[in-house]
Amino acid sequence: LDVLSHSHKKHTYRISHARTGFSFELDCSNIAGTAVANADLDSSDIGYTPVSFGTLDAKLPEYLKEEIYFDKSQVPILLGKILNTVNT
């Protein structure tokens, strides 16, 4: 997986898998204290936004096909599930 800082969004990172074309963004601005106030988000929430499914469309779990927010402590679990999907 390649990780790049988003050129137009501070504290947002684009993660891409070259072989499959799968890519997504992680928005860490809420934990960095730069997000616009949102009563629905906790200060430790990370945003996940799929950008391209590439060749993984049929293999991805449905929850990875939509925007989700989760606690930063869940990042290793999410990345583990993504790595498991792209490596199968």
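Coordinate-derived values only; no laboratory data. Quick caveat, the model's predicted, so the values are computed rather than measured. A quick note on method: Cβ atoms are made from the backbone with ideal geometry, for glycine too, and the neighbour counts reach across all protein chains shown.
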Determine, from the Cβ-Cβ distance of LEU79 and HIS8 and an R0 of 22 Å, the FRET efficiency 1/(1 + (r/R0)^6), rounded to the nearest 0.05.
0.40
By how many nm would the segment from LYS65 to THR88 grow when fully extended, if each residue of separation counts as 0.36 nm and the alpha-carbon distance is taken off?
6.5 nm
Reach of LYS81 by Cα under 16 Å, taken over lysines that are not fewer than 8 positions away in the same chain
LYS59, LYS65, LYS72
